[in-house]
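The values are calculated or read from the model by the stated rules, or taken from the named source; none is laboratory data. All values reported here derive from a predicted model rather than from experimental measurement. Cβ atoms come from the backbone with ideal geometry, glycine included; neighbour counts cover every protein chain shown.
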Amino acid sequence: MDNLFDLSGKTALVTGGSRGLGFEIAMAFAERGADIVIASRKLEACEAAAEKIRALGRRSLAVATHAGKWDEVNALIDRSYEEFGDIDILVNNAGMSPAVDSYEMTEELFDKIVSLNFKGPFRLSSEIGRRMMDANGGTIINVSSASSYKPMPRVVPYAGSKAALNAMTIGLAHEYGPKVRVNAITAGPFLTDISKAWTEEQRTIAPNAVRRPGRPEEIVTTALYLASDASSFVTGAIIHCDGGLR
């Protein structure tokens, strides 16, 4: 059955790929044959992740990138195409979700949140999507959040930016179809680095149907499905991977 998820000969670019959900996705893609571009703000972390991918026998490029800044995004795109010649899979995973009382939100922090969660992914998707459309096609996966449809206090700009990411997913699916498929995963609570700041109860119990947060590896099959030909008739979809958080 794993042949459904065969990514041999593909190249994937994963932002925020040095840790957390992004790293899990990057490793899963590499284990199934894909070469990987790891993009994150810290080069050392990118290189460490890339080394683990190379240990699997795959090629990997580490690029220090702030995914919310278009000049750095443009440089990332250029380096990726110079190294691999093509990008078949784009995963927009980099993001930030600081919890701040709305009346204390500064303009600077608001702009940072929106830039990283929406502005950057828009640039990456529009530029790489156009190249995919002009070449052999491809697939774009946007890692969104349950906050996009279930907004909570103190993360209003984050929720809004992820809702915008969902809207972008549907719009670009129509703009770049049929050769390019664009989908989103709305992730619920996952036990990634961010969970270190949670209480013990929050790390054990969640207000979802399965009554717990997700393990990072539990996003992998959803990402593999959307990246592979197993989802060839799926585009413009917002897939919930949240343990039933609705």
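So the values come out like this:
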{"quantity": "Some residue of region 143-156 being within 22 Å of D229 (Cβ to Cβ) and touching a residue at least 12 places away in the same chain (Cβ under 8 Å)", "calculated": "yes"}
{"quantity": "Boolean, P178 is touching a Pro at 6+ places or on another chain (Cβ under 6 Å) and more than 23 Å from D111 (Cβ to Cβ)", "calculated": "no"}
{"quantity": "E217 charged (D, E, K, R), out of contact with any helix residue (DSSP H, G or I) (no Cβ under 9 Å at 6 or more places or on another chain) and at pLDDT below 95", "calculated": "no"}
{"quantity": "Flag if K112 is within 23 Å of G188 (Cα to Cα), of a type in the set (K, R), touching a residue at least 40 places away in the same chain (Cβ under 8 Å) and buried (at least 16 other Cβ atoms within 10 Å of the Cβ)", "calculated": "yes"}
{"quantity": "Residue list for region 220-246, restricted to those being within 16 Å of S147 (Cβ to Cβ) and either at pLDDT 90 or above or surrounded by fewer than 18 Cβ atoms within 10 Å (Cβ to Cβ) (or both)", "calculated": "I238, I239, H240, C241, D242, G243, G244, R246"}
{"quantity": "Unmet criterion (only one of (1) in contact (Cβ under 8 Å) with a residue 60 or more places away in the chain; (2) closer than 21 Å to Y81 by Cα; (3) assigned to a helix (DSSP H, G or I); (4) touching a helix residue (DSSP H, G or I) at 6+ places or on another chain (Cβ under 6 Å)) for A28", "calculated": "(2)"}
{"quantity": "Check on R203, within 21 Å of G243 (Cβ to Cβ) and either among the basic types (K, R) or part of a strand (DSSP E or B) (or both)", "calculated": "yes"}
{"quantity": "Cβ pairs under 9 Å, 6+ apart, first in region 53-69 and among the hydrophobic types (A, V, I, L, M, F, W, C), second modelled with pLDDT under 95 and buried (at least 23 other Cβ atoms within 10 Å of the Cβ)", "calculated": "A67/G95"}
{"quantity": "Checking T199 against (1) at pLDDT 90 or above; (2) over 30 Å from M132 (Cα atoms); (3) of a type in the set (S, T, Y), the condition it does not meet", "calculated": "(1)"}
{"quantity": "Any hit, region 117-128, residues being closer than 29 Å to R79 by Cα and either aliphatic (A, V, I, L, M) or in a loop (DSSP other than H, G, I, E, B) (or both)", "calculated": "yes"}
{"quantity": "Any pair with Cβ under 9 angstrom, 6 or more apart, that starts in region 166-189 at a residue that is farther than 15 Å from I89 by Cβ and ends at one that is part of a helix (DSSP H, G or I) and of a type in the set (F, W, Y)", "calculated": "M168/F118; M168/F122"}
{"quantity": "Residue list for region 84-109, filter: of a type in the set (S, T, N, Q), at pLDDT 95 or above and surrounded by 14 or more Cβ atoms within 10 Å (Cβ to Cβ)", "calculated": "N92, N93"}
